[in-house]
Structure formats: structure tokens, C-alpha cells
Amino acid sequence: MTNVLPTADPWPALRVADWADTRETLHMWTQIVGKVRLALAPMVNHWWQVAFYVSARGLTTSAIPGRRTFDMEFDFVDHQLRLRTTAGAVETVALEAKPVADFYRETMAALERAGVDVSILARPVEVEVAIPFAEDRTHTAYDPAHAHAFWGQLVQASRVLNEFRSRFIGKVSPVHFFWGGMDMAVTRFSGRTAPVHPGTTPNCPDWVMTEGYSHELSSAGFWPGGDGEGMFYAYAYPEPPGFSDHPVPAGAYSPEWQQFLLPYETVRTAADPDALLLGFLQSTYEAAALHGDWDRAALEDDPARRAGPR
């Protein structure tokens, strides 16, 4: 019998309110693993070294250097945190309903068994209430179907954001998942330095934000929060005059959030989700580049041309 594969991955529906408890628990779990990477990976501009990446099964740290190189992956198919080292060790921690305190203890024990020596600042960042991981028995929920659907959202967001990223030859970040804010982003840079960022992020030192926003940028991504099914967003730092009034065919500027927002559900239910989202990404980038006087001729190029014969 011939296996018939689907022509494309679906854009999954997942209402924020339906998985809020799982989301909050998973946020804390990703912070634990993210802090392991933060503790061992060499510093890269704007904290790029701490982020995760979408994989064919979930979210991965990619290879983390140390006395023994290893990686860690949230597998949202088999629902395991999988740890693998270059020495051949494989350790797993079950992704199931349990307190953050238990997940923290099990994860640190798995690292120790695998021969990974690491110490982390064991409390969350960028959240209003920062319960130390070892004491957190408040966040206990984990619904496998919801976690799998969330990963499906990230698969789609990452795919389109990577296509958008390919159009830029200036300094541009990878498409990566930041566990602090629990969002996926790609960021383009004009090449100029920026005013010192004011900080003010909850439980996050101002100097962290100063490094993250040290250079003029246009950033866009996906956040699985807010209302509905989450939001695609786009903003500029510093925001140039005229940015908020720039015509954007999809989405709208939010004065409260100081960024353009496009509901995930609007994209998911569109006749051509990719085209709608790419239009939003391109137009919001142009809002930053045009009003911020970026050198677009030096920063942009056609990926199809670059892939052709030399």
C-alpha cells in the first residue's frame, strides 16, 4: 500500500483561552531549558545565543557547547524533553501534567546523569510573578493536544518568517523562539545604532533590554497570547515618525502595544494565508525602512536571483 502524505501542514486552530494553563506551564519549562543554554553558550549580539528553533518534532536548542556538546528538544509528538550528548548519552523527561518544581528537578537530574555540569539562575524572567522553579507548584497543567497544536502554529509561522527573511541581505537575525516572552521573531537591522532602550520589562534587568535593542531595527513575529488565537506583530525601534500611519493591507496599529497586530485567526482562515502574512510582514517592514530612511538598495535583494547560476 502506498502512503499518501498530505500536501501541506495545516494552520491549526488554538484559542488562547483554551490552553492558558498549559501555556503558562510550558512557558516555565522552556525558561528552565533556555537558561541552560544561556549558562553555557557564548554571548552573541542581542542574546541570539539563547533562543530555540522549530524542529520537525517541536522546539530545539540546537547544539550547546561545553565540556560535552549536547542538545535539548521539546518533542511535541512523543511529548518528551529529549537530551542528547556527543558521548552518546540520551536522557528524557516526560512532558505531562506536573508541577514546574518536578520538571525542574527531573531536568537538572537528567543533565547530571548525562555528564552536563551546569548551574542556572533558577527563577523565571519577563513575567510579573517570578516563582522560583524549585518552589513552583502553581503551574501544573499540560494538555498534549494543545501543546502539539501550538507547535503546529510555530511550524507555520517559522516557515513564512523564513521566506520573508530571505529577502534581506543586511544584518538579520535567525527566525527564533525567545523563551522569555514566549514568542517567535525575526529582526532586520538598518546598520545604525539606536538610542538606549528604557527597559521596564518585568523581572528583567534594564541592561538586558539595552543589549537587545542596541541597534536600529524592524522586528516581526508571532506571539501565542492576547485574544483569539494569538497575534502576528511588527514594530520598529526606535519608531520613526509616520510609522504608525503607514498603510498596511492587513492588521492594524495598536497605540497600546506600539506595534502593528494581525490576528493569527485572520491568517489561518484566509484564502491564501502565506500571501496575507507575507504582505503584512513586507508592508510593516517598509513602514520602518521608508520612514526611518534605511539604505534599502544595500539591504534588500531577490532570493531567486541570488540562487541562480553565477
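What the table shows:
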quantity	calculated
Of all residues making up region 131-149, the number that are more than 14 Å from L95 (Cα to Cα) and either touching a residue at least 12 places away in the same chain (Cβ under 8 Å) or touching a helix residue (DSSP H, G or I) at 6+ places or on another chain (Cβ under 7 Å) (or both)	8
Selected residue (only one of V90, V54, V100 is farther than 20 Å from E24 by Cα and at pLDDT 95 or above)	V90
Residue within region 46-55 that is free of Cβ contacts under 8 Å to residues at least 40 places away in the same chain and not in a strand (DSSP E or B) present	yes
S158, sole failed condition from (1) touching a strand residue (DSSP E or B) at 6+ places or on another chain (Cβ under 6 Å); (2) not in a helix (DSSP H, G or I)	(2)
Whichever residue in region 96-124 is in a loop (DSSP other than H, G, I, E, B) and out of contact with any helix residue (DSSP H, G or I) (no Cβ under 7 Å at 6 or more places or on another chain) and, among such residues, is farthest from R57 (Cα to Cα)	D117
Leading residue by the ranking (nearest to H146 (Cα to Cα)) among those in region 29-54 that are in contact with a strand residue (DSSP E or B) (Cβ under 6 Å, 6 or more places away or on another chain) and not hydrophobic (A, V, I, L, M, F, W, C)	Y53
All positions within region 100-130 that are in contact (Cβ under 8 Å) with a residue 12 or more places away in the chain, under 21 Å from D21 (Cα atoms) and over 22 Å from the mean Cα position of the chain (by Cα)	A101, R105, E106
Of the criteria (1) in contact (Cβ under 8 Å) with a residue 24 or more places away in the chain; (2) of a type in the set (G, A, S); (3) surrounded by 15 or more Cβ atoms within 10 Å (Cβ to Cβ); (4) part of a loop (DSSP other than H, G, I, E, B), which one A87 fails	(3)
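Conditions tested, residue by residue: (1) within 26 Å of E265 (Cα to Cα); (2) surrounded by fewer than 20 Cβ atoms within 10 Å (Cβ to Cβ); (3) of a type in the set (K, R).
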site	(1), (2), (3)
S119	no, yes, no
P124	no, no, no
A130	no, yes, no
F133	no, no, no
R137	no, yes, yes
P144	yes, yes, no
A147	yes, no, no
F150	yes, no, no
Q153	yes, no, no
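The values are calculated or read from the model by the stated rules, or taken from the named source; none is laboratory data. What you are looking at is a predicted structure, and each value in this text was computed from that prediction instead of being measured. Heads up, the Cβs are rebuilt from the backbone with ideal geometry, glycines too, and the neighbour counts pull from every protein chain shown.
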